[in-house]
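What follows is one structure encoded as structure tokens, with my remarks underneath.
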Amino acid sequence: MAANNRRMSGKKGAQVGSGGQRRRGLEGKGPTPPAEMRKGHKKNRIATSKAKQTARRPAPRGRGGKGTSELVVGRNPVVEALREGVPASTLYVQQFIDNDERVREALQLAAERGGINLMEAPRPELDRMTNGLNHQGLVLQVPPYEYAHPEDLANAAADGGEDPLIVALDGVTDPRNLGAVVRSVSAFGGHGVVVPERRAAGMTAGAWKTSAGAAARTPVARATNLTRALEAYKKAGIVVVGLAADGDAELGDLAALEGPVVIVVGSEGKGLSRLVGETCDFRVRIPMPGGAESLNAGVAAGIVLYEAARRRG
């Protein structure tokens with residue numbers, strides 16, 4: 001009996017439950033990161049080397065020049081930029097990052113797109129790159145945009161046997177307005193957008209996103225001097241039409257929209273600058289029965305482009 005008691009006392013009693021920890025420990029940790037992200041892998045070393053070389057290499061300049069590179073910072077902005085097809089050269093991921101859904105989606109989108117270097121970097125390095133912004137462990141590098149030359153837009157129309165339909169922006173500084181105009185130009189069969197080199201919005205990640213993919217097929221040209229670019233268009237036989245609240249004619253009365261035309265849109269607050277306004281062949285107004293004083297550049301351009309497309313169709 002004593003022996004039996006000893007055997008009984010050797011048995012384990014009730015155990016405290018694991019609370020599912022063992023079960024969770026058996027669960028997968030998500031898809032295996034791409035080879036470019038695995039430290040020590042040959043592809044990781046190659047991607048890191050290429051990214052460093054790209055950062056050091058000066059960007060070649062095209063006919064219209066190139067913009068500056070840009071960083072998209074934070075998990076949501078990075079994922080949205082990749083979803084919208086914003087051009088990207090490198091995706092920087094913080095070492096030992098908390099691998100949530102947004103991080104996994106960013107890695108997946110970058111891998112599917114191809115041509116995007118994946119680099120793992122320590123947090124202090126990302127802090128330095130972003131000047132201390134809250135990057136949340138994800139930073140996307142957007143390469144400089146390669147601008148066309150204003151001449152290229154007219155040449156492209158001629159090559160297609162069409163009358164040029166171009167929009168020029170004067171003093172528009174919001175990239176979202178630029179993106180909206182690019183989208184409208186694409187929707188109504190235009191041949192591109194011209195922006196000044198200085199004191200104007202450029203093709204940033206914000207402009208790309210607002211264009212909803214249209215920036216990939218609609219060129220944006222950059223002019224050193226917008227007035228001279230408009231004068232060159234006039235010499236080539238293209239009519240320059242400026243939108244102005246105090247224009248001499250209404251949009252519906254303008255026959256020039258049926259032929260080669262450049263539509264010049266000014267800023268919402270100041271409108272057309274003096275020199276640009278004096279260069280225009282016509283200054284027209286958009287009738288607004290509702291009494292609004294002005295429209296933003298994206299809306300105004302869309303209205304005029306629709307009218308031009310309607311007449312040409």
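Rounded, prolate or oblate: which fits region 183-313, taking a ≥ b ≥ c as square roots of the Cα gyration tensor eigenvalues, rounded meaning a/c under 1.5, else prolate when a/b beats b/c? Intermediate results must be reported in sequence, preceding the final value.
Numbers: a/c = 1.26, a/b = 1.17, b/c = 1.08.
Note, shape of region 183-313 comes out rounded.
Less than 5 angstrom separates the built amide H of ALA221 from those of ALA148, VAL193, VAL194, VAL195, all sequence-distant by 5 or more or on a different chain.
For LEU118, nonlocal amide neighbours, meaning residues 5 or more places apart or on other chains whose placed amide H falls under 5 Å from its own, are LEU91. From the square roots a ≥ b ≥ c of the eigenvalues of the alpha-carbon gyration tensor of region 224-287, which class results: rounded (a/c under 1.5), prolate (a/b over b/c), or oblate? It comes out oblate by the Cα gyration axes.
Please say if region 97-177 is rounded, prolate or oblate, where rounded means a/c under 1.5 for a ≥ b ≥ c the square roots of the C-alpha gyration tensor eigenvalues, and otherwise the choice is prolate for a/b larger than b/c and oblate otherwise? Intermediate values should be presented prior to the final figure.
Working: a/c = 3.30, a/b = 2.20, b/c = 1.50.
Here region 97-177 falls in the prolate category.
For region 99-168, with all protein chains present and a 1.4 Å probe, just round the carbon and sulfur fraction of the accessible area to a whole percent. Write out the running numbers ahead of the final one.
Working: 1490 of 3450 Å².
Using a 1.4 Å probe with all protein chains present, region 99-168 comes out at 43 percent carbon and sulfur.
Which whole-number value in Å² is the accessible area per residue of region 158-248, probe 1.4 Å?
On the way: 3900 Å² over 91 residues.
Computed with neighbouring chains in place, this is 43 Å² per residue.
Placing unit charges on the Cβ atoms only, positive for Lys and Arg and negative for Asp and Glu, gives region 119-199 a dipole magnitude near 460 debye about its Cα centre.
Stretching LYS270 away from GLU84 to a fully extended chain increases their span by 63.8 nm, per 0.36 nm per residue minus the current alpha-carbon distance.
For GLU105 and GLU151, the difference between the fully extended length at 0.36 nm per residue and the C-alpha to C-alpha distance is 12.5 nm. Using a simple spin-label model with pseudo-atoms 7 Å out from Cα toward Cβ, THR224 and ASP253 lie 4.0 nm apart.
Judged by the mean number of other Cβ atoms found within 10 Å, the most tightly packed of the peptides 198-204, 218-224, 142-148, 122-128 leads the ranking 218-224, 142-148, 198-204, 122-128.
Given that compact globular proteins tend to follow 2.2 N^0.38 Å, what is the ratio of the alpha-carbon Rg of region 120-274 to that value?
1.21
Summary of the geometry: region 274-313 and region 234-248, compared by the centres of their Cα atoms, lie 10 Å apart. If the segment from ASP281 to SER69 were pulled out straight at 0.36 nm per residue, it would be longer than the present Cα-Cα gap by 72.6 nm.
Once the Cβ-Cβ distance of ASP98 and THR130 is raised to the sixth power relative to R0 = 22 Å, the FRET efficiency obtained is 0.75.
The values are calculated or read from the model by the stated rules, or taken from the named source; none is laboratory data. Note that this is a predicted model, so its numbers are computed, not measured. Methodologically, a virtual Cβ is constructed for each residue, glycine included, from the backbone with ideal geometry; neighbour enumeration extends over all protein chains shown. Note: accessible area is taken over every heavy atom of the protein model, side chains too, but ligands, DNA and RNA are not part of it. Shrake-Rupley method; radii C 1.70, N 1.55, O 1.52, S 1.80 Å.
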